[in-house]
Amino acid sequence: MRSNGARAAFKDSGRIVIVGASLAGLSAAETLRTEGFTGPVMLIGDEPYLPYDRPPLSKTVPIGWIPPEHTQLPRHETLTDVEWRLGVPATRLDLAGKRVHLADGYTVAFDRLLIATGTRARPWSNPAEASLEGVYTLRGRDDAQRLRQRLAAGPRRVLVIGGGFTGSELASACRELDLPVTVTERGSAPLVGALGSVIAERAATLQRQHGVDLRCQVTVTSLEGDAQGRLRRAHLSDGSTLDTEVAVVALGAIRNSEWLRDSGLAVGRFGVGCDAGCRAIDINAIVTDDIFVAGDVARFPHPLYDYQFLALEHWGNAVEQAQVAAHNMVCAPADRRPHVAVPAFWSSQFGVNIKSVGVPTAAEEVVITQGSLDDACFVATYGNEGQLVAAVTFDQAKWLEHYRRLIEQAAPFPPTFRGVDQPTRMSPVPAGFPDPTAPTHEATVVLTGYDPNERRVQWIPRRYHT
Amino acid sequence: MAPDVFKLHGEEALWYDPAPDEMQREHVLRAAAACPVQAIQVEWPRAASRENTGEHRGIA
């Protein structure tokens, strides 16, 4: 056990490197300083920008209301003595030598490391088609800038491939710009992977009410360009074609963990495994001492959900997990905290504020406990085996805290309280989540029950999927 | 109050410009003071004008 003396020594002389200079990396750096860590801190980021906020990139930026550079996150001025290495991706981790190798050939030594490399947009599967002029993905500031310019030029139609949160928000942005937009979704409705079919059907209606040409259970099979390499039309799985000059590929995210593949850590497409204290687990599922993980790339066991390993691609999770990780990096072992926050996320689309607490995908059943589906103003609660596991609100955010506390207390499902604006009939129906083993485009919460002990059998070197 | 900086997206979601022009300072402060649920928190960093509604972003 580390003595107080050793702890003080680490706070004074230890060197901390954070790989990933986005929301999680920034939050961790801020927490290290507020926790009293005075040693050197380096933040390494593959993009040339200081940390910026991503939610506006699919909402206010594409409609041209705010420029992408306004998304830069505040407070970094307080980190005057932090060293930034921006525009340089990390390429390798030497666990034994405690070094990070960078793409520019430099290596950086550390005493403790935080991995916060996040995710990137899943590219269109056909590289030649993906490189056609007019085919976009949306993840970073540069993506948002390109897309904003293209939308401002007034294309005759925009095709959004994938009806997850990013795709749905982009479709909403197109309609705000009065652009004709088609959304293709592999599932039965947009957002079905995150919210289940009952609520997703309401989201589908919302899209159609706002003039979206929504095509569900349809995929894009190929993108066709002209002789100049510009997108001209899309071929769909129902045999139809769609003439369009702009296609946005919104098929979810891929975790940026390839740089760690030979590191000896438990790493794969699922992310980087860690314990609830954000300490990375190694290839043998044994917790490491000096490597920590936070944000979208982290996969951790959540006590509230039967210790299942979750990767949460949420704004709030990036902040909270990074704060826990940073605290645990510099505290005495006995003072370590678990990351047990109830997951939460929000979306704003077609004039409706969608918010969620808990893990909807952990549910079997759903019931509307306040309001009604018909007016897109309601609270939906999700349950599993008689326990409340999540709540989703459409324009009812004021109730979210109440439901979060119920989830924390493992309240019964269906809820027994008498609420205001309660529907007359309250019988739970199947929530309608797609088979988790079937391929999906976008799941905001990934629940697979991943067990680190099983990783050995998958650890034979193989080609990584991109 | 400050339509170039804040706008309601539908009934509930508040959209905002995280880095408004310095000329908007007076409007921003007035809008924050007038917010019926007092959910707008304004911070002015030394270098530039910027506001942050923290975790309450999106709740008007």
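Brief remarks on what is shown
- One residue stands out among those in region A:373-391 that are more than 14 Å from chain B (Cβ to nearest Cβ) and in contact (Cβ under 8 Å) with a residue 40 or more places away in the chain: the one that is most open to solvent (accessible area, probe 1.4 Å), which is A:Leu373.
- One residue from A:Ala96, A:Ala90 being open to solvent by 60 Å² or more (accessible area, probe 1.4 Å) and away from chain B (no Cβ under 14 Å): A:Ala96
- Going through (1) small (Gly, Ala, Ser); (2) part of a loop (DSSP other than H, G, I, E, B); (3) farther than 27 Å from A:Ala363 by Cα one by one, A:Ala189 falls short only on (3).
- Residue count for region A:29-53 under the criterion of being surrounded by 22 or more Cβ atoms within 10 Å (Cβ to Cβ), within 13 Å of chain B (Cβ to nearest Cβ) and not hydroxyl-bearing (Ser, Thr, Tyr): the result is 1.
- Residues being assigned to a strand (DSSP E or B) and at pLDDT 95 or above - total across region A:283-298: 7
- The strands (runs of 3 or more DSSP E) located wholly in region A:193-262 that include 3 or more residues which are open to solvent by 50 Å² or more (accessible area, probe 1.4 Å) occupy A:231-236.
- Within region A:89-101, residues that are more than 16 Å from A:Ala116 (Cα to Cα) reach partners that are assigned to a loop (DSSP other than H, G, I, E, B) and aromatic (Phe, Trp, Tyr) with beta carbons closer than 7 Å, at six or more positions or on different chains, in the pairs A:Lys98/A:Phe110.
- Per this entry, A:Asp296 is counted among residues that are under 19 Å from A:Leu26 (Cα atoms) and open to solvent by 10 Å² or more (accessible area, probe 1.4 Å).
- For region A:334-372, the candidate set comprises residues that are basic (Lys, Arg) and more than 13 Å from chain B (Cβ to nearest Cβ); within that set, the residue that is least open to solvent (accessible area, probe 1.4 Å) is A:Arg336.
The values are calculated or read from the model by the stated rules, or taken from the named source; none is laboratory data. A quick note: this is a predicted structure, and the numbers were derived from the prediction, not measured. Don't worry about glycine lacking a Cβ; one is built from the backbone with ideal geometry, like all the others, and counts go over all protein chains shown. Areas reflect the complete protein model, heavy atoms only, side chains present, ligands, DNA and RNA absent. Shrake-Rupley method; radii C 1.70, N 1.55, O 1.52, S 1.80 Å.
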